[in-house]
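Laboratory data are not the source of any read-out in this text; all were calculated from the coordinates shown. What you see is a predicted model; the values in this text were computed from it and never measured. Cβ: placed from backbone, ideal geometry, glycine included. Neighbour counts: every protein chain shown.
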Amino acid sequence: MSENTVRNWLVLAGIVFCLAFCLFPFIYMLVISLSTRADFLSQRASFKFTLDNFNAVLTDGSLHFPDYLRNSFLISLASAFFCVVIASLAAYAITRLQFPGRMSLLFFALAVSMFPQIGLVGYLFKFMTRLGWINTYQALVLPYTAWILPLSLWILVSYFSQIPRELDKAALVDGCTYRQILCKVILPVAAPGVLSVFLLSFIFAFNEFMFALMLTTDYRARTVPVGIALFQGLHGQTPWGNIMAASVVTTLPIVILTLVFQRHIMAGLTRGAVKG
């Protein structure tokens, strides 16, 4: 057997191992969600196919899973929207306007983002309590926006910096204001980067757990990660079938979103573009 053949087989074996290692938790989650028993792998149990777990999480009012899912989508959409708006304005100012301390501002945003969530959540809880915002959407949208904003800012700064300044000068000659330049010139050219920031912000907010756990108390504002973690049966048991079914329903939109827009995400993260 030639050296190239051995190398190809080793590469193939490595790929198969990595795929199996990464996909096994998801496959196991799906199998449990479709089984009547979570311990079907034991000697005395057997696998029996059922959709009761999915029916329970989608229709059982005591679980409030549709409420959690709605809360997560609305809060994540609002957080992603504010991140895109604020980061676009800040990135345009840093890359196009000459003012003292602009790079220091960028590095300050990066430094602030390194603080662990657990170190901030206590003060944030007191702040939200004084505002009367506990268990409301704004109690999560505000910290989510602040938490994701540094990443959004860095992505858009790196993207805007690749757009030639000649576009700005040409727009100024045509009589455009700075606001018109941003809205009608820079943002259309930077659309892949803006889309990638929106999608990443949405995914980060959708998956966040710590703030949602501390700042919400019931289904009116609680998000999916916390809702699933607090699932409990009528007699205190852990309903693994319901948990896995809810996890599958929650994971599918994120996976589909990533697969559909993966090219836009990669394009926004890796390169800028100028449309002629």
Under a Gaussian network model of the chain whose springs join Cα atoms within less than 10 Å, the largest fluctuation of ARG96, ARG179, ARG220 belongs to ARG179
Nearest 10, in degrees from 0 to 90: the angle of helix 3-33 to the longest Cα principal axis of the chain is 70 degrees
Honestly the chain on the Cα gyration tensor test (a ≥ b ≥ c root eigenvalues; a/c under 1.5 rounded, otherwise a/b vs b/c for prolate or oblate) is just oblate
For region 64-270, the charge dipole (Cβ of Lys, Arg +1; Cβ of Asp, Glu -1; about the Cα centre) points to a positive end, and the Cα of THR217, VAL260, GLY193 closest to that extreme belongs to GLY193
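Which value in deg cm²/dmol, rounded to the nearest 500, describes the helix-derived mean residue ellipticity at 222 nm for the chain, given -39,500 (n - 2.57) per DSSP H run of n ≥ 4 and division by the residue count?
Details: 12 runs with 190 residues, N = 276.
Value at 222 nm, helices only: -23000 deg cm²/dmol.
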Helix 137-160 sits off the longest principal axis of the Cα atoms of the chain, rounded to the nearest 10 on a 0 to 90 degree scale, by 50 degrees
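In whole percent, what relative contact order does the chain give with Cα contacts below 8 Å and a gap of six or more residues?
Working: 291 pairs, mean separation 84.6, N = 276.
Here the relative contact order equals 31 percent.
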Residues other than SER88 with Cβ under 14 Å of its Cβ, Lys/Arg counted +1 and Asp/Glu -1, net out at +3
For the chain, the dipole about the Cα centre with charges only on Cβ (Lys and Arg +1, Asp and Glu -1), to the nearest 20 debye, works out at 480 debye
Among GLN232, ASN242, LEU19, the residue whose Cα sits farthest towards the positive end of the charge dipole of the chain, when +1 is placed on the Cβ of each Lys and Arg and -1 on the Cβ of each Asp and Glu, is LEU19
